[in-house]
Amino acid sequence: MTATIPPTTSAHKHTDERYRKVAIIGSGPAGLTAALYAGRANLKPIVFGGNVPLGQLMITSDVENYPGFPGGIQGPELMQLFRDQAERFGSTIVERDVTRVDFSERPFRLWIGEDEYRADSVIVATGASALWLGLPSEEQFRGRGVSACATCDGFFFRDREIAVVGGGDTALEEALFLTRFASKITILVRRDQFRGSKIMQDRALAHPKIEALWNKEVTEVHGEQTVGAVSLRDTKSGEESRLELQGVFVAIGYKPNTELFSGQLDLDERGYCVVDGETGTRIEGVFVAGDVHDHRYRQAVTAAGDGCKAAIDAERWLESVGETERSTATNW
C-alpha cells in the first residue's frame, strides 16, 4: 500500500536536490527537445536516460533528412548536439533508467532503484523500439545494410536489390516505399500469406518491383563491409537457401517502451500512450512526446516537434496551477 505523501512545502522544494518542476523520462529527440524548451523557460528540467539513451539515432549511421544538415550528419553526432544544447540551457541529464513511477498524486514520484525523485510535472518520452530478428549477424550489420526504417535509410539503396522481412502492414508499407529507390524488393514472409490489410497486399503484389517468398525466415546475414546475402530456412520443409542482395529491412513491428507506465497511464491495445489533445494524458501534469505515442510517423523531426509541444504544454500547465512562480531547486 502506497503511503500518503504530504504536500511538498515551498521551503522543502528550495532545498531538496531531488525535486524539479519538470522531469523528462527519455533522452531521444523528443526528450531532449523538451529539455531544451523547458530549460529556456527557466524550469531547470531533469532528464532521465530512458530505455534507449539518446534515442534510436544512436544506432543510425547517416541522417540525411533532419533539417539544417544539407550534407547529412551521423546519428550519434546529431544526438550529442541535442544533448549539448539542452545542457546549455540548464538541463540536468542523468544517465540511468527510471525503474518505477507513481503518478497518483503530486508531486509525482520517480525512482532509480532506491533513489527517489519528485517533480511537479512529467514528460514521458521513452520512445518505441524496433523489433529485431535477434541474430548476431543482424546486429553486426546494422547501419551497414541492415535497417528497420525505410523512410530513414531507403535513399541509400538506390538501384539495389533488397529484402523486407515481415508479413504485416508495416512490411508492406516499407516495401512499397522502397520501390522508389531499390531495383528489386523481396518480401520474406514466415507464413504462407500476408497478415496485412487486403488493400496493402494487393498493392504490393501488383507492383513489378516486388516479389514475395513464402514460408521463409532469415537465419544469417552475410557480407564483408556491407550486406551481401542472407541465408533462409523454409519454415515448412526446413530447406536452406541463400539470397544475394545488398540490403535487409526488418519490418516486424515496433514495441513502445511503456511497461513502466502500465496501470499509471492509459495505453492502447498495442501499448502506446493514449494522448488527450496534443500531448496531455488523463493525469493532469503528465505529458507525452514522440514515438511513445506516435506509431505513424516515427521520425526524429516529428519527435522533436512533439518534445517542443510537451514542454510548452507543461510550462503553461505549471503556470496555471501557480507552480512557475516558485523557485526551483538550486543546489543540484
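Of note:
- Among the numbered conditions (1) surrounded by 14 or more Cβ atoms within 10 Å (Cβ to Cβ); (2) not assigned by TED's automatic domain parsing to the domain that holds Glu220, the only one that Ser104 does not meet is (1).
- Subset tally (residues that are part of a loop (DSSP other than H, G, I, E, B) and under 21 Å from Gly134 (Cβ atoms)) for the range 165-191: 6
- Odd one out for Val288 among (1) in contact (Cβ under 8 Å) with a residue 24 or more places away in the chain; (2) under 19 Å from Thr151 (Cβ atoms): (2)
- Unique match (being assigned by TED's automatic domain parsing to the domain that holds Glu211 and either under 30 Å from Gly90 (Cβ atoms) or modelled with pLDDT of 95 or more (or both)) among Glu278, Glu244, Glu284, Glu315: Glu244
- Test for Ser121: is it in contact with a Leu (Cβ under 8 Å, 6 or more places away or on another chain), assigned to a strand (DSSP E or B) and within 26 Å of Arg270 (Cα to Cα): yes
Yes or no, residue by residue, for (1) touching a Phe, Trp or Tyr at 6+ places or on another chain (Cβ under 6 Å); (2) in contact (Cβ under 8 Å) with a residue 40 or more places away in the chain:
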| position | (1), (2) |
| --- | --- |
| Ala119 | yes, yes |
| Val124 | no, yes |
| Val165 | no, yes |
| Phe181 | yes, no |
| Gln193 | no, no |
| Leu205 | no, no |
| Trp214 | no, no |
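- Residue under evaluation Val165, criteria (1) closer than 30 Å to Phe48 by Cα; (2) buried (at least 21 other Cβ atoms within 10 Å of the Cβ); (3) out of contact with any Cys (no Cβ under 7 Å at 6 or more places or on another chain), criterion not met: (1)
- Residue that is nearest to Phe181 (Cα to Cα), among those in the range 145-164 that are at pLDDT below 95 and assigned to a loop (DSSP other than H, G, I, E, B): Cys149
- Some residue of the range 246-256 being within 18 Å of the chain's Cα centre (by Cα) and closer than 25 Å to Ile112 by Cα: yes
- Just one of the listed residues (Arg203, Arg191) is charged (D, E, K, R), crowded, with 16+ Cβ neighbours inside 10 Å and outside the structural domain of Tyr272 (by TED's automatic domain parsing), and it is Arg203.
- Scanning the range 87-106 for residues being farther than 30 Å from Gly263 by Cβ and in contact with a strand residue (DSSP E or B) (Cβ under 8 Å, 6 or more places away or on another chain) gives a total of 1.
The values are calculated or read from the model by the stated rules, or taken from the named source; none is laboratory data. Just so it is clear, the structure is predicted and the values come from calculations on it, not from any experiment. Don't worry about glycine lacking a Cβ; one is built from the backbone with ideal geometry, like all the others, and counts go over all protein chains shown.
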